[in-house]
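**Q** Have a look at this one before I ask anything.
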Amino acid sequence: MASSKITCKLFKLTGINSLDDVKINILNRTFADPLVIPKRGNEIYKSLSVEEKNFYFTWGGISEPNELIIQTTDENENEEKNEICVEYLFATAEIEYPKRRKKDSNGNILPKAQRVNYTQIMTYFFSFNKSVHLIICSSNDANQERVKKLVGTSYIANCDKDYEIPSDLFNWLFFKYIESDGCLGEGLDLMNINGFIGNTADEHNVFKGISDQTSELIITKAFISNGEILRTITARLRNEDIDIVFAIDDKSNTQIYVYQSEKLKLLEAEDNDTFFIIYLYSHLIPKLKSLYNEASEQFLSNEKRQFSEKIGLEVIKSIINRNSLSIEDVLELFSSPSDLRDTGQNVSIING
C-alpha cells in the first residue's frame, strides 16, 4: 500500500555536476558494511566467508533520466512566461542490515540468512541551477546514514546554502497568511498553516503546536510576538499546477502528505510521488525563498514589528478572556515603575 506521506531528506552533492556523473560515480557503487561482534569473537569472525562477514548496500530499480518542464506564471502579461527544466532520475537503495540477534543459544554466529534484515529506500537525484541534489526518502536516521554510505560520503556536501531557509521566512509566511489572506504573489497562495515547531531564544526549549488552524493557536501568536523563530511549519500551498500539503524545516527537509495533495494540471512525471517531490524542490521552495527575499526588507524593517505588536495584544486579550481576568488583575503585574520599564510597554495599551 502506498504511504500517506513521503519523508524527504535533502543533500547537495559535491564533485557531481550532472546526472551522467551520478550514473558513473554513484549508481555503480556498492558498499559492504561489516558485521560487528565483540573482540573475543575474532577467531569465529575470521572463519566466516566474505559474504557472511558483510551486509551489502546496492542499487536497483534505476530509472532513465527524465525532465520536468514547468511554465512559471508571470503577473505581467506583457512578459513572456519562463520555463523551468529540471532533470531527474530515481533509484532504489537495497539495504541489508543486521537483526539484533546474531548468535544462537550456544554462542555460535547464526547463518547470515537468519540475522539479516532487508529494506528498500527510494532515492532521487535531480539537476537544477547547475547543482545536483540527492533526496533520501526515509524517516529512519539509521537508514539515511546507510544510503549516504552507498552514495559515498565524500560526494555529500557539508552544507547547502541554496536550500537553507532564511530565519524569518516562516514568520513572514504566518504574517502573509494573517494579513494578506495567504496571497504570496505570482499566483502562489498559502491556503493553511496547520503545524509548527520552534526554538526559544536559548535554543534548548522546543515548543510545538498542531491545529487545523494554527493562526488560532494562542501559543503560536505568543511565540512569534515574543521574538522567537519558527524552525518547521506544515503548510498547504496552491498555484495553477499543484495543491500540496507538506512540512518543511529550515534545511528544506520535508514531509509531503500525498493523500492531501494533488496535481491540478497534466504535467509530465513518472507518478504523483515523483511529481510532488521534484516540483516542490525545483519550483516551490525556490519560489518561496525568492518571494521572501523581495519582501524581506520591508518585512524586517517595518511589518514584522507592527505584526508582532498586533498579535501580542491579541495574546493578551485572549488570556484575559480565557481566564476571566479583570483589568485590575492585569494591572497588579505592573505595580511599580520598574515593572513597566521591564516590559517596555505602557499600561495605557492594556487599558486601550
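The values are calculated or read from the model by the stated rules, or taken from the named source; none is laboratory data. These numbers come from a predicted model, not from an experiment. Quick reminder, even Gly has a Cβ in these numbers, built from the backbone with ideal geometry, and neighbours come from all protein chains shown. What goes into the accessible areas is simple: the full protein's heavy atoms, side chains included, and nothing from ligands, DNA or RNA. Shrake-Rupley method; radii C 1.70, N 1.55, O 1.52, S 1.80 Å.
**Q** Round to the nearest 10 and report in Å² the accessible area of D20, as given by a 1.4 Å probe over the protein chains' heavy atoms.
**A** 100
**Q** Can you pull the one-decimal nm distance between simple spin-label points at L300 and N226, each 7 Å off the Cα toward Cβ?
**A** It works out to 2.4 nm between the two label points.
**Q** Further, regarding this structure: As a test of reading the structure, rank L291, L331 by solvent-accessible area (1.4 Å probe, protein chains only), most first. Please report the intermediate quantities before stating the final value.
**A** On the way: L291 10, L331 60 Å².
Reading off the accessible areas and sorting them downward yields L331, L291.
**Q** Then there's this: Give the ranking of T14, T153 by solvent-accessible surface, highest area first, calculated with a 1.4 Å probe. Could the numbers behind the result be given before it?
**A** Numbers: T14 65, T153 90 Å².
Result, largest first: T153, T14.
**Q** OK, next. For I84, list long-range residues whose amide hydrogen, built 1.01 Å from N in the peptide plane, is under 5 Å from its own amide hydrogen.
**A** Distant-sequence amide H within range of I84: I70, Q71, T72.
**Q** Does segment 283-330 come out rounded, prolate or oblate, given a ≥ b ≥ c as the square roots of the eigenvalues of its C-alpha gyration tensor, rounded meaning a/c under 1.5 and, failing that, prolate meaning a/b above b/c?
**A** Details: a/c = 8.79, a/b = 2.77, b/c = 3.17.
Since a/c reaches 1.5 but b/c is at least a/b, the shape of segment 283-330 is classed as oblate.
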